[in-house]
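Structure first, commentary second.
Bear in mind these aren't lab numbers, they're just calculated from the coordinates by the rules spelled out. The structure displayed is predicted, hence computed values, not measured ones. Every residue, glycine as well, gets a Cβ built from its backbone with ideal geometry; the counts of neighbours run over all protein chains shown.
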Amino acid sequence: MPRWVGFLVVAYLVSMLHADIPRATAQTARAASQSSGAATDSPGSPTLDYEFFKTRVEPIFLKKRPTHARCYVCHEEANHALKLAKLTPGSTTWTEEESRRNFDMVSGLVTPGDPLGSTLLRHPLAPEAGGDAFHSGGRQFESQSDPDWKMLADWVRGQKTK
Amino acid sequence: MTWNTRALPFGILPILCFLLAQTVAAGTSRIYVTNSAGDSVTVVDPVTNKVVQIIAGIEVPHGVNFSRDGKQVYISNETDSVLDVVDQRSGKIINKVHLSGHPNNSAVTKDGREVLVCIAAAPGALDVVDTTSMEVVKTVPVKGPLHNVYVTPDGKFAVAGSVAAKRLTVIDLKTMESVCDVSFDGGVRPMTFDTNADGSTRRIFVQLSNLHGFAVVDFAKHQEVSRVMLPEGKYGKEEWRLGTPSHGIAVAPDGKTLWVNSILANAVFEYSLPDLKLLGHAALPEVKRQGKPASGAVPEWITFTPDNKTVYVSNSAARSVSAIDTQTLKEIASIPVGEVPKRINTLVLP
């Protein structure tokens, strides 16, 4: 094999390695920010607060709203975009480790600063109120004035626990 | 003007007969609707097309069936993995049968002795519930998680479908053993059957994932023989339902027509039997959206009144059930029900 062919192969592999670095760096940065209790999408966008998520957002997933099934019933370890950690038998809340896992997962379904641009808020919102055309879990929120929907929106806008 | 008093009773007679027939019809059938994203089952009187009962306290109900005498309603409960037994008259839960795993749809044998419940949790099975002892007496192993199960019109077999395993399984109801499988290139969704002159099963019509139509299976040969494609439509993408373009299929009680839901066309199509010629379609309601074009109703299931006159379609995105006149193919009533109505079934009271 001519030496120039080998050189080209090596050059190509090096360029591929470098092409992957920005993505790996971004993932590392995001993981680092999330494990420290905050998640952000891009510079200037609000930071998602872990404590707010744990105390205000997570309970919404377990809440029984009249005439509706709970979010958790369908999204427990489910094959959906929203996949919540399975509660320990007999437990009514998630452990710290499970909440961290939920936070990482749910953070991937929102665009910080943009509630209606976030699947988490748009999908269960009634189509008549600006939501997606169909959610197999139904119209969990009839309007954007629903207190639970507003709580989710506050989290996406970066509100922190007071 | 004078009344002919002797003729009066004869003039009134047809009216009285009509009213009596209406009263009898009102008392003889009910449409049950499981609200799959809710916690209830809605019951509709097909004469008035009004809700007459709500069975509460069943979070994520799936299948609904009835005892032979119509006194009990069986509802598979996905949240608690039980079969809820409900008193038909009061609508109250009177028993809970614990199943071997997370259930989906169910069926009842012709003699009413067993309820068959699909177990959707891996590896999949068919639970057999004895309706006298009200306990699971057998769990039939199958090759994949089960979604829907049916009893063939002659009552001899159960046919269960698996979305994940892309196959249907035929189970002999005498031995409660699997006798054959038929594999497909897509997940097995709803099914229905037509019959030979002697009442035996002739064909299975099978809806599949990613197929806007249905497969035709020769029951004796246990193999697919053809496919029928539905007319196209503009819906489905916004509703995230392109992978399930057609859901809900049923043969009318008189056996003369086949009805097939289309999510893409937002309609229910009518075909003649046995030749499978397209006869027409009924449009289903649209869902209004804020700031966007209207979307489809996402039809899920079909049932009929026993007299063939009305077909009912559950509209999962529209939170309603459409009552459609089978002659005019027009919606005669849109009945508001609960969250994401899916399975619907007709109870004929003795």
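Observations, loosely collected:
- Karplus-derived 3J(HN,Hα), 6.51/-1.76/1.60, for each residue of the stretch B:108-125, Hz, glycine and proline x: 10, 5, 4, 7, x, 7, 9, 9, 9, 10, 5, 9, 8, 6, 4, x, x, 6
- Distance from the stretch B:248-306 to the stretch A:50-96 (C-alpha centre basis), Å: 35 Å
- Charged-residue dipole, Cβ positions (Lys, Arg, Asp, Glu), the stretch B:154-220 about Cα centre, Debye nearest 20: 160 debye
- Listed residue pairs exceeding 20 Å between alpha carbons, taken from B:K143/B:K237; B:K256/B:K309; B:K234/B:K292; B:K166/B:K256: B:K143/B:K237; B:K166/B:K256
- Within the stretch A:80-158, all pairs of alpha-carbon atoms sorted by distance into 10 Å bins from zero give the percentages 19, 44, 31, 6.
- Dipole size of the protein assembly as shown about its Cα centre, with +1 on Lys/Arg Cβ and -1 on Asp/Glu Cβ: approximately 480 debye, rounded to the nearest 20.
- Over the Cα atoms of the stretch B:23-136, the radius of gyration divided by the Kirkwood radius equals 0.97; this is the Rg/Rh ratio.
- Residues of the stretch B:264-308 with amide N under 19 Å of a point placed 7 Å along Cα→Cβ from B:S200: B:274
- Inter-probe distance in nm under a simple model that places probes 7 Å from Cα toward Cβ, at A:K162 and B:H222: 6.9 nm
- B:K71-B:K110 FRET efficiency (beta carbon distance; Förster radius 22 Å; 0.05 resolution): 0.80
- Top of B:N104, B:N77, B:N196 by mean-square fluctuation, Gaussian network on chain B, Cα under 10 Å: B:N196
- Cα shape, the stretch B:196-350, gyration tensor, a/c 1.5 rule: oblate
- The stretch B:133-172: radius of gyration and largest Cα-Cα distance (Dmax), Å: 11.1, 34
- Less than 5 angstrom separates the built amide H of B:A294 from those of B:R289, all sequence-distant by 5 or more or on a different chain.
- Scattering profile of the stretch B:139-283 at q = 0.08 Å⁻¹ [log10 I(q)/I(0), Debye over alpha-carbon scatterers]: -0.21
- With an a/c value of 1.5 or above and a/b not larger than b/c for the gyration tensor axes a ≥ b ≥ c computed over the alpha-carbon atoms, the stretch B:154-231 is described as oblate.
- Each residue of the stretch B:222-237 was assigned a 3J(HN,Hα) from its phi angle through the Karplus expression (A = 6.51, B = -1.76, C = 1.60, θ = phi - 60°), giving 6, 8, 6, 10, 6, 9, 10, 9, 8, x, 6, x, 9, 9, x, 5 Hz with x at Gly and Pro.
- Modelled FRET efficiency - R0 60 Å, A:D114 with B:K92, Cβ distances, 0.05 increments: 0.80
- For chain B, the longest site-free run once chymotrypsin sites (Phe, Trp or Tyr not before Pro) in DSSP loop states with at most 15 other Cβ atoms within 10 Å are removed: B:4-239
- The modelled label-to-label distance between A:T67 and B:S133, using points 7 Å beyond Cα along the C-beta direction, is 4.2 nm.
- From phi via Karplus (6.51, -1.76, 1.60), per-residue ³J(HN,Hα) for the stretch B:145-162 in Hz, x at Gly/Pro: x, 9, 10, 10, 9, 9, 9, 5, x, 7, x, 8, 10, 10, 10, 10, x, 10
- The alpha carbons of chain B stretch over 78, 49, 48 Å along the principal axes, in descending order.
- Here the Gaussian network model covers chain B, with springs between Cα atoms less than 10 Å apart; of B:S272, B:S316, B:S334, B:S272 fluctuates the most.
- Projected area, mean over directions - the stretch B:114-207, Cα convex hull, nm²: 5.9 nm²
- Cα coordinate range in the stretch B:247-328, projected on the principal axes (Å, largest first): 44, 23, 21
- Gaussian network model of chain B, springs between alpha carbon atoms under 10 Å - residue of B:G186, B:G291, B:G199 with greatest fluctuation: B:G291
- Convex hull volume of the C-alpha atoms in the protein assembly as shown, normalised per residue: 236 Å³.
- Rg/Rh, computed from the Cα trace of the stretch B:71-126 with Rh as the Kirkwood radius, has the value 0.98.
- Annotation: average projected area of the stretch B:198-252 is 4.7 square nanometres, based on the convex hull of Cα atoms across all directions.
- Backbone amide hydrogens, once placed in the peptide plane, bring B:G63 within less than 5 Å of B:S76, B:S106, excluding anything fewer than 5 places away on its chain.
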